[in-house]
Structure formats: structure tokens, C-alpha cells
Amino acid sequence: MRHSHSEAGSVLIYIFLAIVLFASLSFAVSNIMRSGDPTTIPRETAKSYATDIMQQANGIRRAIQVMGIDGYEDTAISFENDFVSGYTNPNCTDNGCKVFHPNGGGLTYIVPNEGWLDTSFRASYNGDPSRPWGPWAFTGQNSFPDVGTVCNTADCKELSLWLHFVKKDVCVAINNSLGIANPSGLPPTERLVSPPGTIASPAFTGTYFNASQGVDVGAGPAMAACLTVEDPANDEYYAFYQVLIAR
């Protein structure tokens, strides 16, 4: 009988220890979740988000290529959509030149997954009229070294897509996928030299602009990349771009 009581006592001790260990682990995880960086996400999740972003960007680029084959000039391309205003292109006279129309690019405008973005940072910019960026931003305002023709006129500005306020881990994962270096584990830095809103502003409505920001990832020609963006106010955030038409 004493032997049975001893075994029962040992089992109870093991159960008690397991409960204590589980409680300690739960407490530790809870502390990490409370005190950790809310923009930090698991590596596999970051890779999955990076893939989603690039797939959507490539889908838009391919749609524009097909529209060009169909005879539409780049200055007629319209990014008009039901989610972000300001993209109506007066040069687009039928639905065939609309990227987000069944008779045009055939795409459905998909609002970016909030999990991709540092939404708290983006919210702080929404009230600033000098930074009129929607979820996806389309512009003819930037040039990209070694991507298109280099000149000092609007003829050498590319048509590009931007996604601002990407989480750092997602930004790094995008560059890893594209074979672009992340110096010291951070995306390459692009420092703006003109007022805020230079990148991806104004919205593309058929016009390219000469007074614009050159974008250089420091790694030769890059049709797509994710950058650390610093503006004159010393704000810093991460932004993905995809060149849609190199000119």
C-alpha cells in the first residue's frame, strides 16, 4: 500500500510542476507580446506578405503591358478606382484604358492587407495634405537610375506604383526575394531632398513631371525594391515600389 501511495504522490508532483511551468511560459509570452515591437512579425509571415505585395504589383504591371499591346498610350492609362480619389485621367476616353475595369486591365482594386503595413504610422500622416498617399499610389514623378533613359526632362520619368508604410520585416523580405541587399539588416535608404509628398505624389492622371525625385537603391537597375525613406522632417518609414513603365 505504501508503494501505491508513493507512485500517486509522484504523479501529483509531476502534474503540479507541469502546471507551474505552463503558467510561467504563458506569463513570459504575455510579457513579450505586451512589450515587444508591434510591427515585428514572424519571418514566414513576412515572406508570405512580401509575396502577396509583389504578386499584386506584378499583376498591375502585366495588365498595363497588355493594354499597351491593345493600342493604348501610357498617357491614357487610368488608375481610377472606387477606393482612392484623384486618379481620373482626362486622356482616358473609354473603359479600355482603365486598369481597374473589366474592359480594360481586367483587375479588381484590392485594398492592401493591414497586416502588411505599420498602420499607426500611416494614421499620423492621413491628416497632412502634403502627403496625399492612398493604399496603392501611382505616379509619373520619379526616375530610377539604369531602369529607363536618363535625361533632365519629364520624358525620362517612369510610371511607378508605391506602397507606403510597409512593415520593416516585410520590406526586408521583399528585398531578399528580389536579391537586393539590406545593409546591416535594413532596407537601403532613400533620403528625400524636396518637400514631403515627392514620392508617389502627385497622382498619375496622364502627366509626367520633371521636378521630381530620383530613386536609387544603390544596387544597379531595380524595377522593384523596398526602401527606407527619410524625408526632410527626419521622419522615417519603409516603402515598396514597382516600376510599371520604364521610359
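The values are calculated or read from the model by the stated rules, or taken from the named source; none is laboratory data. These numbers were taken from a predicted model, which means no experiment stands behind them. Here the Cβ positions follow ideal geometry from the backbone for every residue, glycine too, while neighbour counts run over all protein chains shown. Note: accessible area is taken over every heavy atom of the protein model, side chains too, but ligands, DNA and RNA are not part of it. Shrake-Rupley method; radii C 1.70, N 1.55, O 1.52, S 1.80 Å.
Note on exposure: His164, His101 ranked by accessible area (1.4 Å probe, complete protein assembly) read His101, His164, with the most exposed listed first.
Remark: segment 51-66, residue by residue, has Karplus-estimated 3J(HN,Hα) of 4, 4, 4, 5, 5, 5, 5, 5, x, 5, 4, 5, 4, 5, 4, 5 Hz, where x stands for each Gly or Pro and the curve is 6.51 cos²θ - 1.76 cosθ + 1.60 at θ = phi - 60°. In straight-distance terms, cross-link reach from Lys98 covers every one of the lysines whose alpha-carbon lies under 22 Å from its own, apart from those fewer than eight places away in the same chain; here that gives Lys157. Modelled label positions at Asp146 and Thr88, each set 7 Å beyond Cα in the direction of Cβ, lie 4.2 nm from each other.
Using the Cβ-Cβ distance between Arg43 and Ala246 with R0 = 22 Å, the FRET efficiency computed as 1/(1 + (r/R0)^6) comes to roughly 0.10.
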